[in-house]
Amino acid sequence: MNQQGADNPREQAAAWFVRMQDAPDDSALRERLQHWLDERPEHRQEYELLGRLWCAADFIPPERLEALCEPEPVRQLPRRRLLRQALAAGVALAALGLGWGGWQYQQMNHHDVLATQAGERRMFELPDGSRLELNSATRIDVAFSAGRRQLRLLAGEAMFSVAHDSSRPFVVDTAQGSVTVTGTRFDVRQDNGLTRVAVEQGSVKVEGAAGSLAQLGAGQGAHIDHQGKVAAPYTINAATLTAWRQGKLVFDNATLAEVVSEVSRYRRHPLYVAPGKVANLRLSSTFSTDDPDALLRALPNILPVAVKTHSDGSSEIIAK
């Protein structure tokens, strides 16, 4: 890179962009790029602008692209410098308005808050083609940029079907840590000071706030505790853990305390269980998330318990 290019953020951004196109999976190169992006705000601005330009190339007539990349008649430029100049010139054209700039900016820089109420399940599609299935009482903050797809699970549970994009990692943050992928299908739950991760397809990297790591493949799960420590991977039944997507709650030898905690997520009024022996009773059954009170009607016929309803609408499971 010549001295003028070394002092020009746009030239530098173009050079970095070319390198990343040549080696998108080079982790060491990506770390160097991240360091450069963090040095100055204009570095990130220029690089993200080039990312939007690159993704919008399909919206420019081919003859205009050919003219843009035509080498100077007097001297032949090296390929990398030619591409850098073409990208820089493209940014200038974009500034003049080619019609796609506003649309592409919205696709690459997407911000939203997705949420469901108690007992509600919803599916959302993100601009990159990824799909999110939100379970009851869930809230997620979405922040996309040209170099990163960042989401924060504030509460609840979601199933993520991530569109593959090696140039933009898909990161789900929680209070305890983060989950990073480029393309896969996995479930994340934030509940009672814990983050639980279950992988249905592909692989993910789970990182705790305390610095511990775990790599999970299909059929594996892990959790991050309240101190930010990641547990060792373990085998999971993904179909059972994500049965809520089909409107089902599946319990296999679960304690009544665990059952009540799960069913409470789908009720408007609180559900409690008396401590001690009652809470430790075990249950194997399947219930509908659309009718959580079916549990209350069925329990006295399954276990030696009774259901007491209070004036505030809450219910308590006690010994019979």
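Just a few scattered comments:
- Selection from segment 282-306 of residues that are part of a strand (DSSP E or B), under 25 Å from E120 (Cα atoms) and either modelled with pLDDT under 90 or in contact with a strand residue (DSSP E or B) (Cβ under 6 Å, 6 or more places away or on another chain) (or both): L283, S284, S285, T286, F287
- Candidates A257, A214: the one that is hydrophobic (A, V, I, L, M, F, W, C) and not assigned by TED's automatic domain parsing to the domain that holds M123 is A257.
- Segments classed as strands (runs of 3 or more DSSP E), wholly inside segment 157-203, with at least 1 members that are over 11 Å from the mean Cα position of the chain (by Cα): 177-181, 185-191, 194-201
- Condition met for V230 (over 30 Å from D291 (Cβ atoms), assigned by TED's automatic domain parsing to the domain that holds R168 and touching a Phe, Trp or Tyr at 6+ places or on another chain (Cβ under 8 Å)): no
- Among the residues of segment 114-156, those identified as touching a Phe, Trp or Tyr at 6+ places or on another chain (Cβ under 6 Å) and in a loop (DSSP other than H, G, I, E, B) are G119, N135, S136.
- Selection count, segment 212-237, where residues are hydrophobic (A, V, I, L, M, F, W, C) and closer than 24 Å to F251 by Cβ: 6
- The test for being surrounded by fewer than 17 Cβ atoms within 10 Å (Cβ to Cβ), closer than 27 Å to A155 by Cα and outside the structural domain of Q117 (by TED's automatic domain parsing) does not hold for P292.
- Here is the figure for segment 157-181: residues that are out of contact with any strand residue (DSSP E or B) (no Cβ under 6 Å at 6 or more places or on another chain), in contact (Cβ under 8 Å) with a residue 24 or more places away in the chain and not hydrophobic (A, V, I, L, M, F, W, C) total 3.
- Looking only at residues in segment 264-281 that are among the charged types (D, E, K, R) and under 13 Å from S315 (Cβ atoms), the one that is modelled with the highest pLDDT is R267.
- Evaluating V179 against the criteria (1) surrounded by 15 or more Cβ atoms within 10 Å (Cβ to Cβ); (2) in contact with a Ser or Thr (Cβ under 9 Å, 6 or more places away or on another chain); (3) farther than 27 Å from P24 by Cβ leaves one unmet condition, (3).
Yes/no per residue for (1) at pLDDT 95 or above; (2) surrounded by 19 or more Cβ atoms within 10 Å (Cβ to Cβ); (3) of a type in the set (D, E):
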| position | (1), (2), (3) |
| --- | --- |
| G183 | no, no, no |
| K205 | yes, no, no |
| H226 | no, no, no |
| Y234 | yes, no, no |
| A238 | no, yes, no |
| L241 | no, no, no |
| V250 | no, no, no |
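- Applying the set (1) at pLDDT 95 or above; (2) surrounded by fewer than 19 Cβ atoms within 10 Å (Cβ to Cβ); (3) not polar (S, T, N, Q) to A118 leaves exactly one unmet item: (1).
The values are calculated or read from the model by the stated rules, or taken from the named source; none is laboratory data. These numbers were taken from a predicted model, which means no experiment stands behind them. Note that we place each Cβ from the backbone using ideal geometry, even for glycine, and neighbour counts take in every protein chain shown.
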